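Chemist: Provided herewith is a single structure, encoded as structure tokens, for subsequent inquiry.
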Amino acid sequence: MRAAAAALGISEPAVSSAVAALRHDLHDPLVVRSGGGIALTAGGRRLAAHADEIVGLADLARRDVAAAGTAADVLRVGVTAVFEEQAAPGLVDAFTKRMPGTTVELVPTSPERMAEALLHRSVDIALGLPPVRVGRAVLDVVPFLRYQRIVVAAPGHQLAKLPAQVPVNRGALVREHWFTGPAGVEEESEEGRWLIASGLLPELVSLASEDEARERVRAGEGLALLLGHVVRDDVKRGTLVHVPVNGTPVHGLWCASMLGYGRSVPGAVALQRFTTTPDATAAAVAPSGAPRGARALPPVHVTLWS
């Protein structure tokens, strides 16, 4: 009670009074004395599960009321690290061109915290790696884009000179510097699981971005496990070489996730639907410097998920 009062900035009697009112209204003691402190009853535990969402809804209501006087609706989008850098700018730009009255605010969020962020309404929708589920979270998760990662090296690198049919020695891979973006290799991603399963635990050098990692590899300083569509032009030009390592390409999946049972805001529903369109795919995988949000011509429709 004392800690709750301090966190809320109110008096301890005020907290006790509020708990007493809840007990009376819900016909349940909610808390009982236990081992020198207090513990939740079965009813109290159920109330605590709903409380996260109740508080989140209150915050959402405050945001909506505050935004009512502005011209634009604000949609808070949780994004995992790599998706934020490599795909979010193009996809968000294409979406806001379709929804000119919507402003998108990107909120960097790890897969481990994504379900909690959705439950607490601190984000309206999540894009990127699928959220790590928590017990009470009922989420609507829609896969919208498959990606693959390949190991790349500079043309002059010793591993790049090996014939394609010659397996790369695991010891040679471990001795190399492996460059990554600021998030490293995300543990909950398929590439993270591949690293663990393969027993390949090289020295990872985290840089400011995956684009910087690509530049370091081009300079011949080491290897990187990069998105295939991002390095496609480099491989075609010969400025990077695909190194055929066992278990690669590593295939992963990006998803659009929001609260289930129709509890999401209309903007989140519209964005989730948009992610499954050809325009969204084209925008998300467009190379750096390409026009964002424009349909590639001629239009090519590829089924990515059925």
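Chemist: Which value, in Å², gives the accessible area per residue of the stretch 88-153 when a 1.4 Å probe is used on the protein heavy atoms?
Modeler: Accessible surface, normalised per residue, equals 40 Å².
Chemist: On to the next question. Mind checking the dipole of the stretch 84-225: about its Cα centre, +1 per Lys or Arg Cβ, -1 per Asp or Glu Cβ, Debye to the nearest 20?
Modeler: 400 debye
Chemist: Sorted by mean Cβ packing within 10 Å, highest first, what order do the peptides 204-216, 250-262 take?
Modeler: Result, highest mean Cβ count within 10 Å first: 250-262, 204-216.
Chemist: Out of the DSSP beta bridges found with both residues in the stretch 136-257, what percent are antiparallel (nearest 5)?
Modeler: 70 percent
Chemist: Shape call for the stretch 201-256 from the C-alpha gyration tensor, a ≥ b ≥ c root eigenvalues: rounded (a/c under 1.5), prolate (a/b greater than b/c) or oblate?
Modeler: rounded
Chemist: Output ³J(HN,Hα) for the stretch 88-94: one whole-Hz value per residue in order, computed from phi by the Karplus curve 6.51 cos²θ - 1.76 cosθ + 1.60 with θ = phi - 60°, and x for Gly and Pro.
Modeler: Couplings: 4, x, x, 5, 5, 4, 5 Hz.
Chemist: Net charge near Gly43, counting Lys/Arg +1 and Asp/Glu -1 over other residues with Cβ under 12 Å of its Cβ?
Modeler: Local charge sum for Gly43: +1.
Chemist: Tell me, what is the FRET efficiency for Arg193 and Ala219 to the nearest 0.05, using R0 = 30 angstrom and their Cβ-Cβ distance as r? Intermediate values should be presented prior to the final figure.
Modeler: Details: r = 29 Å, r/R0 = 0.97.
The formula returns an efficiency of 0.55 here.
Chemist: Taking a probe of 1.4 Å, how large is the accessible area per residue of the stretch 181-283, in Å²?
Modeler: Per residue, the stretch 181-283 has 44 Å² of solvent-accessible surface.
Chemist: Here is a follow-up. For the stretch 89-134, take the alpha-carbon Rg, divide it by the Kirkwood Rh, and send me Rg/Rh.
Modeler: Dividing the radius of gyration by the Kirkwood radius yields 1.02.
Chemist: What residues qualify as long-range amide H neighbours of Gly260, i.e. H under 5 Å apart, gap of 5 or more or another chain, H built at 1.01 Å from N?
Modeler: For Gly260, whose amide H was placed from the backbone, the distant partners under 5 Å are Val138, Leu139, Asp140.
Chemist: Starting at the first residue of the stretch 246-259, write each ³J(HN,Hα) from the Karplus equation 6.51 cos²θ - 1.76 cosθ + 1.60 with θ = phi - 60°, in whole Hz, x for Gly and Pro.
Modeler: Result, rounded to whole Hz: 3, x, 10, x, 8, 9, x, 9, 9, 10, 10, 10, 8, 5.
Chemist: Continuing with the same structure: Whole-Hz ³J(HN,Hα) for each residue in the stretch 16-28, computed from phi via Karplus 6.51 cos²θ - 1.76 cosθ + 1.60 with θ = phi - 60°, x for glycine and proline: what do you get?
Modeler: 4, 5, 5, 5, 4, 5, 5, 4, 5, 5, 9, 6, 8
Chemist: For a quick check: with amide H placed at 1.01 Å from N, whose amide H comes under 5 Å from Val104's, ignoring anything fewer than 5 positions away on the same chain?
Modeler: Under 5 Å from the amide H of Val104 lie the amide H atoms of Leu75, each far enough along the sequence or on another chain.
Chemist: Compute the Cα gyration tensor for the stretch 99-213, then decide on rounded, prolate or oblate, letting a ≥ b ≥ c be the square roots of its eigenvalues: rounded whenever a/c is under 1.5, prolate when a/b is larger than b/c in the other cases, and oblate in all that remain.
Modeler: Values: a/c = 2.64, a/b = 2.09, b/c = 1.27.
Note, shape of the stretch 99-213 comes out prolate.
Chemist: Separate question: What order, most packed first, do the peptides 223-229, 38-44, 126-132 have when packing is the mean number of other Cβ atoms within 10 Å of each residue?
Modeler: Details: 223-229: 22.6, 38-44: 14.0, 126-132: 25.3.
Output ranking for 223-229, 38-44, 126-132: 126-132, 223-229, 38-44.
Chemist: Let me make sure I get this right: for the stretch 145-286, a, b and c are the square roots of the gyration tensor eigenvalues over alpha carbons, sorted descending. Under 1.5 in a/c it's rounded, otherwise prolate if a/b > b/c, else oblate. Which is it?
Modeler: Taking the square roots of the gyration eigenvalues as a ≥ b ≥ c, the stretch 145-286 is prolate.
Chemist: Using amide H atoms built in the peptide plane, which far-off residues or other-chain residues are under 5 Å from Thr41 H to H?
Modeler: Those qualifying (amide H under 5 Å, at least 5 residues apart or on another chain) are Leu30, Val31, Val32.
The values are calculated or read from the model by the stated rules, or taken from the named source; none is laboratory data. Just so we're clear, the structure is a prediction, and the values are computed from it rather than from any experiment. So basically every Cβ, Gly included, is an ideal-geometry build from the backbone, and we count neighbours across all protein chains shown. Just so you know, the surface numbers come from the protein's heavy atoms only, side chains and all, with ligands and any DNA or RNA stripped out. Shrake-Rupley method; radii C 1.70, N 1.55, O 1.52, S 1.80 Å.
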